[in-house]
1. Only one of B:82, B:75, B:55 is modelled with pLDDT of 95 or more and either over 18 Å from the mean Cα position of the chain (by Cα) or in the same structural domain as residue B:195 (by TED's automatic domain parsing) (or both). Can you tell me which?
2. Check whether at least one residue in the stretch A:137-145 is part of a loop (DSSP other than H, G, I, E, B), on the phi > 0 side of the Ramachandran plot and not assigned by TED's automatic domain parsing to the domain that holds residue A:32, and report yes or no.
3. With the condition kept exactly as written, say whether any residue in the stretch A:212-230 is modelled with pLDDT of 95 or more, farther than 17 Å from residue A:125 by Cβ, assigned to a loop (DSSP other than H, G, I, E, B) and within 19 Å of the chain's Cα centre (by Cα).
4. Tally time: how many residues in the stretch A:239-257 are part of a strand (DSSP E or B) and either in contact with a strand residue (DSSP E or B) (Cβ under 6 Å, 6 or more places away or on another chain) or in contact (Cβ under 8 Å) with a residue 40 or more places away in the chain (or both)?
5. Taking the condition assigned to a helix (DSSP H, G or I) and buried (at least 21 other Cβ atoms within 10 Å of the Cβ), does residue B:55 pass?
6. Restricting the search to the stretch A:87-116, which residues are assigned to a strand (DSSP E or B) and within 14 Å of the chain's Cα centre (by Cα)?
7. Please indicate, with yes or no, whether at least one residue in the stretch B:38-47 is touching a helix residue (DSSP H, G or I) at 6+ places or on another chain (Cβ under 9 Å), over 22 Å from residue B:237 (Cβ atoms) and touching a residue at least 12 places away in the same chain (Cβ under 8 Å).
8. Only one of these is in contact with a helix residue (DSSP H, G or I) (Cβ under 6 Å, 6 or more places away or on another chain) and either surrounded by 14 or more Cβ atoms within 10 Å (Cβ to Cβ) or under 26 Å from residue B:270 (Cβ atoms) (or both): B:99, B:86. Name it.
């Protein structure tokens, strides 16, 4: 595999950063992640827009314009002959002389395998555990997944698939996906604040708002347990039904979820075909 | 400079980690930092105890025993001919195949320059800004300094030296130091919960409790503004007086702070001399 670092393409074994980088010293960096389908980077503009937004929020400068980055990404996909893959762009705090002040950021663009949901997860839905936590600086896609990874044993012990964060009774998001419920009136609701605004989330809102009433607003822990259906969205997973949250089990009827998924899939397919 | 990585001593330019490491991918790792004075690693046992505690809390395994690590540290100090320096031990989440699950941790031990307080800071005290934030998993010394580094421009704009975190009206700590006040009754008070328990903090408590009444307990934002003196403690800074918090300016009388500092310095000197 070929990786792009700062200003050159290097073989994977040379995709290295010095230990003085602020990602290693202080967990400081941002990233974005998108899918490549039939050699087409899906929703690339939206991912780049968010990547630059995250960088700006975190006081990090991207050394390239978006157009330059698009060319680098195309070249990377071609060099790796990778028609279907994930791509991760990472921007770190750089090689800080004192291990604390921000320095010239390091940019890394590398292919990452996609880990789509299993057939069982997709058919039967996943189990979430609510967990009290609020991601710091949630609007930026930072590399801070300390809590998410720390919680892995807790998730396994409870035979769950992921956690759903909440704070003071209000639901926000899962560590790597956005959260939605469908009410008994077939209204779709998703939290509006203290979240990372996923690209798939905004596409989902865009594509369903003609067929459904969809609300972005505060969503309480009590309200989600009275939902008819629930699902999560992300770049990797696109959309997966949720069949259980804590002790609360939802009905096996995923009809609205399936309908939303079909619309989203259609949007993605037409994006890839017309590219 | 020579650096120790995993199982070998390498020249500084080869102190590299692959970009798949979970520190770079997910900001996941722990560390500890201690001073070397006259070739003696100061309070090394306490720092190693905390390092192993942090690692265990974060589900990371240290591949060496504490005695083995002490030998590696001695060899590193000798190879670098460094009588007076800082040493940082970092343990990351490792080269995760899927970029999310913990893997065999990477261990890095490297010298880092000490940045002691300036003469002015030490004589006249520093200015802190209160900021509402609670570090996640505060009892472990993780590499998560996302908020602290993000706040640097805010600190500079306000001509301050650091922030003091608080949540729901209760003070916790500064990003890299513990916080203390001295009341008008000459009682020393320091927060007891939601903090990283600094080695210098515990030495300070140990060395002053014979001369002063010292309380570890919840400390409110209101209470600190009525203090007679305030100071912070850390491995690097040992102890610095605080002359201002937000708009509240303390008296120039640092007599208790100076007395505590003298006791701490004496403890450190006798530790170094008897080693």
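The values are calculated or read from the model by the stated rules, or taken from the named source; none is laboratory data. All figures in this text were calculated on a predicted structure; none of them were measured in a lab. Glycine gets a Cβ as well: all are built from the backbone with ideal geometry, and neighbour counts include every protein chain shown.
1. B:75
2. yes
3. Within the stretch A:212-230 (the criterion being modelled with pLDDT of 95 or more, farther than 17 Å from residue A:125 by Cβ, assigned to a loop (DSSP other than H, G, I, E, B) and within 19 Å of the chain's Cα centre (by Cα)), the answer is no, since none of the residues qualifies.
4. To start, the set of residues in the stretch A:239-257 that are part of a strand (DSSP E or B) comprises A:239-245, A:248-249.
Imposing the further condition that a residue be either in contact with a strand residue (DSSP E or B) (Cβ under 6 Å, 6 or more places away or on another chain) or in contact (Cβ under 8 Å) with a residue 40 or more places away in the chain (or both) reduces the set to A:239-245.
Count: 7.
5. Working: assigned to a helix (DSSP H, G or I): yes; buried (at least 21 other Cβ atoms within 10 Å of the Cβ): yes.
Against the criterion (assigned to a helix (DSSP H, G or I) and buried (at least 21 other Cβ atoms within 10 Å of the Cβ)), residue B:55 qualifies.
6. Residues of the stretch A:87-116 assigned to a strand (DSSP E or B): A:87-92, A:95, A:107-112.
Residues satisfying the conditions are A:87, A:88, A:89, A:90, A:112.
7. Step one: list which residues in the stretch B:38-47 are touching a helix residue (DSSP H, G or I) at 6+ places or on another chain (Cβ under 9 Å), which gives B:38-47.
This time we only want the ones that are over 22 Å from residue B:237 (Cβ atoms), so: none.
Scanning the stretch B:38-47 turns up no residue that is touching a helix residue (DSSP H, G or I) at 6+ places or on another chain (Cβ under 9 Å), over 22 Å from residue B:237 (Cβ atoms) and touching a residue at least 12 places away in the same chain (Cβ under 8 Å).
8. Numbers: B:86 fails: in contact with a helix residue (DSSP H, G or I) (Cβ under 6 Å, 6 or more places away or on another chain).
After applying the criteria, what remains is B:99.
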